[in-house]
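Heads up: the structure comes next, in structure tokens.
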Amino acid sequence: MPLDTRELFARLIQCEAGGEGEAGMAAVATVIMNRATATEGEFSRVNKGGGDVRAIITQPGQFVCMRESIDGVYNSQNVYNMVPLDIHYQIADWALSGGRLVGVDNSLFFFNPYSSTCPTYFPSNVGVIHNRVGKHCFYIPTIYYADT
């Protein structure tokens, strides 16, 4: 049975940021909702003019947790293997109802560099570092993003 958007969102939050505490999970949820409401660039086209959260979550190549295999090797940490807890649903519901985490409220990208420092730009020059929450770096769009 296909997962509904809420279930998929809760599983993605758990998979991408489950070890980052409530703030880390809320930050990731904020980025997803920012993409779903983007009015220009790549995410505006993907969100079909605004609001299509599922299209953002399932956009190919965006979230490692949406991939069942990576380079031909099974990825056991994928949304289909997640069993969300109440907190994951609560954060998904909070984000879907308009909640946004201050400090990443304009971010469109996040990245775990497995390092104590965040690269200045991610990806390439379309996002510039804005904030760090836990192990994830959050990036706001640059002027180049609109052309993506």
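Tabulated data
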read-out	value
Cα gyration tensor shape for the range 99-139, rounded if a/c is under 1.5, else prolate or oblate	oblate
Cα point-scatterer Debye curve for the range 10-148, base-10 log of I(q)/I(0) at q = 0.11, 0.13, 0.17 Å⁻¹	-0.37, -0.53, -0.94
Packing-based order for 130-137, 24-31, 74-81, 2-9, using average beta carbon neighbours within 10 Å, highest first	24-31, 130-137, 2-9, 74-81
Descending semi-axes in whole angstrom, ellipsoid equivalent of the range 1-83, from the Cα gyration tensor	21, 16, 12
Surrounding net charge for M66, when Lys and Arg each add one and Asp and Glu each subtract one, Cβ distance under 12 Å	+1
Accessible area (Å², per residue) of the chain, counting only protein heavy atoms and a probe of 1.4 Å	51
V64 accessible area, 1.4 Å probe, all protein chains in place, Å² to nearest 10	80
N106-K48 FRET efficiency (beta carbon distance; Förster radius 30 Å; 0.05 resolution)	0.90
Accessible surface of the chain, 1.4 Å probe, proportion on carbon and sulfur as whole %	53
FRET efficiency for S76 and K135, using Cβ-Cβ distance with R0 set to 22 Å, rounded to 0.05	0.65
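The values are calculated or read from the model by the stated rules, or taken from the named source; none is laboratory data. For clarity, every value in this text was computed on a predicted model and none was experimentally measured. Note that each Cβ is placed from the backbone with ideal geometry, even for glycine, and that neighbours are counted across all protein chains shown. Heads up: the accessible areas ignore ligands, DNA and RNA and are worked out on the full protein's heavy atoms, side chains in. Shrake-Rupley method; radii C 1.70, N 1.55, O 1.52, S 1.80 Å.
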